[in-house]
Amino acid sequence: MSTPTKQAAIIRTERGLTISGTRISIYDVIDFLKAQYPPLLIRDKFNLTNAQIEAALSYIEVNQAQVEAEYAEVLQTRQEIYQYWEEHNRDRFAKIAAMPRKPEHSVLWAKLEEQKAHRNYSRY
């Protein structure tokens, strides 16, 4: 019985380059690498095995030019989808924001505003 190679651990699916046996794409891993997450944290975040994260990192390193080009396309597509839905839902979001708050939710809204103020204060 042959053992799978690191290259076979990465397959192309409708989502693009994917870690075999998962729904995790190489681009998901790259997102976290670019945010400077350590590989072990990425492994744990996606519930991967050591072999799976090593295969993903190895694939990214060996095929860097191809992976970076595809990743740029993925980012562009994400941005286009985000902009589409922002425009598509702009009126709906404005309508929801203009709706009066229910009195029975006043305690929750006050708590939310308090947390929001604390978060904004902590930034500076």
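Any read-out appearing in this document is the output of simple, stated calculations on the displayed coordinates, not a laboratory observation. This one's a predicted model, so the numbers in the text were calculated from it and none came from an experiment. Because the Cβ atoms are built from the backbone with ideal geometry, glycine has one as well, and the counts that use them run over all protein chains shown.
What to note about this one:
- When LEU17 is tested against (1) within 14 Å of the chain's Cα centre (by Cα); (2) under 19 Å from ALA65 (Cα atoms); (3) of a type in the set (A, V, I, L, M, F, W, C), exactly one condition is not met: (1).
- Test: residue in the range 94-107 that is loosely packed, with under 10 Cβ neighbours inside 10 Å and within 23 Å of the chain's Cα centre (by Cα): no
- Flag not set for VAL62, criterion: closer than 21 Å to ALA8 by Cβ, in contact with a Phe, Trp or Tyr (Cβ under 8 Å, 6 or more places away or on another chain) and free of Cβ contacts under 8 Å to residues at least 60 places away in the same chain.
- For GLU70, the conditions (1) out of contact with any strand residue (DSSP E or B) (no Cβ under 9 Å at 6 or more places or on another chain); (2) touching a residue at least 24 places away in the same chain (Cβ under 8 Å); (3) charged (D, E, K, R) all hold with the exception of (1).
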